[in-house]
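*Asks:* My structure is below; once you've seen it, I'll send some questions.
The values are calculated or read from the model by the stated rules, or taken from the named source; none is laboratory data. All values derive from a computational prediction rather than experimental measurement. Quick reminder, even Gly has a Cβ in these numbers, built from the backbone with ideal geometry, and neighbours come from all protein chains shown. Heads up: the accessible areas ignore ligands, DNA and RNA and are worked out on the full protein's heavy atoms, side chains in. Shrake-Rupley method; radii C 1.70, N 1.55, O 1.52, S 1.80 Å.
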Amino acid sequence: MAVDITLLFKASVKTVKTRNKALGVAAGDSARDELLKRGAARSKSDFTGRAREVISNIGKLKDFLLQHRKDYINAYSHIMSEYVRMTDTERDQIDQDAQIFMRTCADAIHQLRTEAHKDVQSAQVKEHRTAVLDFIEDYLKRVCKLYSEQRAIRVKRVIDKKRLSRLEPEQSNISKSPLSPEKNSQNPLDDSEEKLSSEESKDRNMPDAQSNLGLWGDGKGEDELSPEEIQMFEQENQRLVGEMNNLFDEVRQIEGKVVEISRLQEIFTEKVLQQETDIDNIHQLVVGATENIKEGNEDIREMFFYCLGSGFMFLNQQLQDFVRSYSVRNLKWYNQPDFYSPESNGSFVLCSEATNSHRGLSFF
Amino acid sequence: MAAGIREKQTVALKRMLNFNVPPVKNSTGEPVWKVLIYDRFGQDIISPLLSVKELRDMGITLHLLLHSDRDPIPDVPAIYFVMPTEENIDRMCQDLRNQLYESYYLNFISAISRSKLEDIANAAIGANAVTQVAKVFDQYLNFITLEDDMFVLCNQNKELVSYRAINRPDITDTEMETIMDTIVDSLFCFFVTLGAIPIIRCSRGTAAEMVAVKLDKKLRENLRDARNSLFTGDTLGAGQFSFQRPLLVLVDRNIDLATPLHHTWTYQALVHDVLDFHLNRVNLEESTGTESIPAGARPKKKNKKSYDLTASDKFWQKHKGSPFPEVAESVQQELESYRAQEDEVKRLKSIMGIEGEDEGAISMLSDNTAKLTSAVSSLPELLEKKRLIDLHTNVATAVLEHIKARKLDVYFEYEEKIMSKSTLDKSLLDMISDPDAGTPEDKMRLFLIYYISSAQAPSEIDLEQYKKALTDAGCNLAPLNYIKQWKAFTKMASAPTSYGNTTPKPLGLFSRVMNTGSQFVMEGVKNLVLKQQNLPVTRILDNLMEMKSNPETDDYRYFDPKMLRGSDSSVPRNKNPFQEAIVFVVGGGNYIEYQNLIDYIKGKQGKHVLYGCSELFNATQFIKQLSQLGQK
């Protein structure tokens with residue numbers, strides 16, 4: 001168990017001070033010098049100040065998200081009574097604001113990163129600053145996760161809602177359809193933080209809908225509308241709701257897919273970036289190899305001429321064959337992998353140039 | 001005490017790194033950054049427990065050695081974790097004067113003396129930095145925990161407390177005192193961290209007794225001092241309210257010199273014996289593959305690789321005590337299961353490619369997406385598994401090479417037979433003069449074990465014969481001199497301890513492993529099964545813990561720091577068997593004993609044992625110490 005001896009230390013400080021006074025030892029720098037020293041130190045702390053600013057901004061974002069989180073997830077229905085509810089437009093506004101904010105913070109971090117290494121000599125300070133920026137970025141990521149979590153919940157609910165309403169196609173008679181969206185939205189309200197289980201809510205749908213059907217029917221009967229008009233209105237309602245549902249269907253479908261796939265996308269982009277660096281490396285190698293081949297070809301050509309000059313023709317034939325087969329083999333090798341960088345096409349061109357020079361030679 | 005010592009020490013370290021405030025779990029907490037400064041002692045303590053990543057998670061941006069060149073880093077609190085020695089204090093005062101950091105949190109590994117504290121105070125006043133020194137703590141963490149239930153005292157200055165240092169014939173009293181003080185200080189820190197006051201038992205007339213007396217005195221003084229006692233209040237866990245106190249058994253290395261020389265067959269002990277392994281890190285030298293390299297090319301480069309064998313390595317935790325062939329098989333199995341999982345992921349990939357566009361319904365797509373998501377998220381797990389398999393394949397292959405080159409299995413079997421006094425099928429002389437089995441050191445070990453465990457010394461003629469054979473094989477005979485002296489000494493004390501009467505049963509020359517066509521071609525290596533046998537240390541523990549009466553241990557002294565008056569009796573006041581025990585070997589220990597204790601305690605339900613030693617050596621290092629002793 002650790003023992004806090006800070007008080008003991010303070011006591012030692014006092015002892016030493018009194019001892020020094022008694023012995024007449026100088027009391028160290030005066031207060032003024034201390035302030036001067038501190039002032040000098042403070043100018044170096046510009047980086048830290050800005051880092052702290054970014055952190056406080058991210059903190060504000062986090063508070064903002066947490067504050068509205070309950071409303072965001074919880075008050076999902078359209079017919080919520082007394083409490084403050086959030087319409088979808090408000091939610092979209094929150095989403096947009098959060099995104100802008102996150103982008104600004106990310107930019108600020110990036111800027112700090114480039115500036116961090118500017119006027120610093122010591123390697124340790126550099127490492128320290130890099131690590132600090134990593135921490136801040138991590139913090140931002142965690143806060144962004146908050147945001148994306150609640151967004152994912154929202155989208156999931158919508159998908160499930162759609163799935164539910166689609167799962168009861170035979171119950172799509174007139175009175176049910178305006179009711180079912182409401183009932184479905186009530187159910188997520190009940191289990192706001194848990195996963196939606198479709199069977200449960202389906203079961204709850206039935207009795208609720210039944211009871212309300214009676215009420216609805218009674219309510220309508222007291223109006224002045226005639227039965228034909230009721231039926232006409234109900235049919236029109238049904239048609240409208242069907243149309244709306246279809247539209248919403250498509251939009252939510254796509255949104256759901258996109259959200260899930262974007263998560264995968266993130267992972268894949270990382271991998272692709274890795275691959276890109278690998279490809280760059282390979283490209284460097286290829287270019288180097290091409291250069292080597294070119295030079296080799298030059299050398300061989302020189303030798304050709306030399307040989308020709310000396311009259312060794314039969315050797316030339318063998319050499320030609322060898323060179324031709326070699327260049328053809330290289331062509332094949334270049335053809336195989338599927339590069340997507342434009343420079344690789346350039347290297348392909350270079351190589352074919354080299355082989356063309358060989359062909360030119362053979363005609364000679 | 002059900003929480004192992006490793007957990008306790010880790011918790012203490014994490015708290016220290018959190019400015020000595022218990023850390024709060026907050027997933028969206030603001031980042032705080034700090035710099036950690038340690039000396040070599042601190043480094044040895046922290047490195048088996050916290051990885052660099054964990055340090056990062058706690059907000060440490062830089063971790064530096066105290067005595068390195070450090071640049072001023074503005075606006076960052078610095079946490080120091082050092083021993084309170086003169087040079088460390090001087091360096092810290094220098095730091096204060098140079099205004100390197102914004103605030104200072106000083107943590108001393110063991111308690112700092114008043115005068116040194118005043119030195120720091122002086123420097124702080126001189127540098128006008130008193131307000132910057134935010135907190136000063138005595139951490140009482142002066143020991144290194146290697147496993148959940150194993151600790152050593154120190155690594156940096158282990159020559160100071162080595163077997164050789166304690167048993168030197170020319171040791172002075174003051175030197176002995178210093179050594180004992182160091183050991184007791186560390187043991188005291190250990191018990192403070194554990195939060196328990198043990199009942200101490202030790203044998204008479206050994207270094208262990210000196211340690212016991214001093215430890216008892218120190219614990220007693222601390223308990224009496226009610227104001228500053230370290231054992232009150234929140235340090236006591238729930239276990240302290242029970243009547244169970246742990247038993248501390250202090251033994252001296254001299255009761256059993258054969259075990260450190262023994263060739264071994266369990267994975268962890270083998271790695272320690274054969275490869276370069278300390279503080280849970282193994283360093284391997286690998287040659288780059290076995291392809292033939294054309295003449296004129298660069299010579300084969302040897303890569304140095306080092307691996308950390310930590311608590312999070314599940315394979316290691318499971319198999320570190322298993323016999324080696326079992327380990328080889330398990331690596332094979334892990335590799336196969338990993339390959340199966342990899343195939344599953346690949347199959348999923350191809351399915352996704354085919355079925356992605358055909359199905360229109362959302363549910364189908366989201367199912368596939370979900371499957372893919374789960375496959376992708378299990379990828380890091382899979383990669384981690386692969387890394388572990390690679391690691392263990394490399395380590396096990398290296399060990400296997402050594403085994404095959406030195407025929408360690410033969411030695412193991414032979415030594416087991418010697419130690420259990422069963423008949424030997426090959427004479428010792430043959431073993432020693434056999435040119436391909438083992439290095440000269442192996443032969444020396446074998447002979448020393450034979451010498452130690454035989455009831456009477458071999459006759460002069462035989463001895464001369466052996467000596468000649470040994471020198472022919474290239475051994476240095478200095479350890480033998482020392483062992484002779486030791487034997488003469490202990491003969492006066494008691495009869496040599498026996499090692500139990502079990503024999504290892506070889507399961508045939510060709511193990512099943514070879515038949516499955518694995519990488520570990522173990523042909524010619526016997527697949528030996530270890531029979532449970534109790535080493536002397538384990539037997540002593542058994543007697544003391546179960547309150548058995550045994551002539552060996554009846555004479556042991558009994559200390560209880562909580563009793564008001566110390567008594568010199570050997571009669572224990574407490575008649576019940578103990579549930580928890582700590583075995584501490586003064587003079588050095590090794591993994592074989594540790595493994596033996598673990599195996600013993602596994603058979604007992606609900607009992608725990610911790611193993612500690614003043615230093616950890618393998619047979620090579622021990623032989624070196626013995627030869628140094630024998631040369632005097």
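*Asks:* Please state which of the following conditions B:D149 fails to meet, knowing it meets all the rest: (1) away from chain A (no Cβ under 14 Å); (2) open to solvent by 10 Å² or more (accessible area, probe 1.4 Å); (3) closer than 24 Å to B:K34 by Cβ.
*Replies:* (3)
*Asks:* Name every residue in the stretch A:21-39 that is within 7 Å of chain B (Cβ to nearest Cβ) and at pLDDT 80 or above, in order of residue number.
*Replies:* Correct list: empty.
*Asks:* How many of the residues making up the stretch A:135-166 are over 18 Å from A:E255 (Cβ atoms) and more than 8 Å from chain B (Cβ to nearest Cβ)?
*Replies:* Selection size over the stretch A:135-166: 5.
*Asks:* Now, a different point. Would you check if there is a residue in the stretch A:237-249 being part of a helix (DSSP H, G or I), more than 28 Å from B:A375 (Cβ to Cβ) and within 11 Å of chain B (Cβ to nearest Cβ)?
*Replies:* Yes: the stretch A:237-249 contains one or more residues that are part of a helix (DSSP H, G or I), more than 28 Å from B:A375 (Cβ to Cβ) and within 11 Å of chain B (Cβ to nearest Cβ).
*Asks:* Test each condition in (1) modelled with pLDDT under 85; (2) open to solvent by less than 30 Å² (accessible area, probe 1.4 Å); (3) over 24 Å from B:D69 (Cα atoms) for A:Q124 and report the one that comes out false.
*Replies:* For A:Q124, the exception is condition (3).
*Asks:* Kindly indicate which of B:L230, B:L236, B:L247 is of a type in the set (A, V, I, L, M), open to solvent by less than 20 Å² (accessible area, probe 1.4 Å) and modelled with pLDDT under 85.
*Replies:* B:L230
*Asks:* Provide a single number: the residues in the stretch B:167-185 that are touching a Ser or Thr at 6+ places or on another chain (Cβ under 8 Å) and either polar (S, T, N, Q) or open to solvent by 10 Å² or more (accessible area, probe 1.4 Å) (or both).
*Replies:* Total satisfying the criteria: 1.
*Asks:* Of the residues in the stretch B:52-100, how many are open to solvent by 30 Å² or more (accessible area, probe 1.4 Å) and hydroxyl-bearing (S, T, Y)?
*Replies:* 2
*Asks:* Among the numbered criteria (1) at pLDDT below 85; (2) at the interface with chain B (Cβ under 9 Å from one of its Cβ atoms), which one does A:N74 miss?
*Replies:* Tallying (1) at pLDDT below 85; (2) at the interface with chain B (Cβ under 9 Å from one of its Cβ atoms), A:N74 fails exactly one: (2).
To keep it simple, each residue is scored yes or no on (1) modelled with pLDDT under 75; (2) out of contact with any Cys (no Cβ under 7 Å at 6 or more places or on another chain); (3) open to solvent by less than 70 Å² (accessible area, probe 1.4 Å).
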position	(1), (2), (3)
B:S366	yes, yes, yes
B:S377	no, yes, no
B:I389	no, yes, yes
B:S453	no, yes, yes
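*Asks:* Kindly provide the set of residues from the stretch B:101-121 that are surrounded by fewer than 21 Cβ atoms within 10 Å (Cβ to Cβ), touching a residue at least 24 places away in the same chain (Cβ under 8 Å), within 10 Å of chain A (Cβ to nearest Cβ) and not acidic (D, E), ordered by number.
*Replies:* If the condition is that a residue be surrounded by fewer than 21 Cβ atoms within 10 Å (Cβ to Cβ), touching a residue at least 24 places away in the same chain (Cβ under 8 Å), within 10 Å of chain A (Cβ to nearest Cβ) and not acidic (D, E), then B:A111, B:K116 are the ones that fit.
*Asks:* Okay, moving on. In the stretch B:127-139, how many are within 9 Å of chain A (Cβ to nearest Cβ) and closer than 18 Å to B:L36 by Cα?
*Replies:* 7
*Asks:* Being outside the structural domain of B:L194 (by TED's automatic domain parsing), modelled with pLDDT of 85 or more, under 30 Å from B:L194 (Cβ atoms) and among the basic types (K, R) narrows it down to one of B:K25, B:K53, so name that one.
*Replies:* Just a single option satisfies the conditions, and that option is B:K53.
*Asks:* Something else now. Could you list, in sequence order, the residues of the stretch A:101-134 that are more than 9 Å from chain B (Cβ to nearest Cβ), of a type outside the set (A, V, I, L, M, F, W, C) and assigned to a helix (DSSP H, G or I)?
*Replies:* Across the stretch A:101-134, the qualifying residues are A:R103, A:T104, A:D107, A:H110, A:Q111, A:R113, A:T114, A:E115, A:K126.
*Asks:* Please go through the stretch B:181-204 and pick out each residue that is aliphatic (A, V, I, L, M) and more than 21 Å from the chain's Cα centre (by Cα).
*Replies:* B:A196, B:I197, B:I199, B:I200
*Asks:* Suppose we keep only residues that are away from chain A (no Cβ under 11 Å) and acidic (D, E) within the stretch B:30-72. Which one would you say is nearest to the chain's Cα centre (by Cα)?
*Replies:* For the stretch B:30-72, the residue satisfying everything is B:D44.
*Asks:* Shifting gears a bit: Check whether at least one residue in the stretch B:124-146 is farther than 25 Å from B:K14 by Cβ, open to solvent by less than 30 Å² (accessible area, probe 1.4 Å) and not assigned by TED's automatic domain parsing to the domain that holds B:S47, and report yes or no.
*Replies:* Within the stretch B:124-146, none of the residues are farther than 25 Å from B:K14 by Cβ, open to solvent by less than 30 Å² (accessible area, probe 1.4 Å) and not assigned by TED's automatic domain parsing to the domain that holds B:S47.
*Asks:* Report whether or not B:A124 is at the interface with chain A (Cβ under 8 Å from one of its Cβ atoms) and among the aliphatic types (A, V, I, L, M).
*Replies:* In short, yes.
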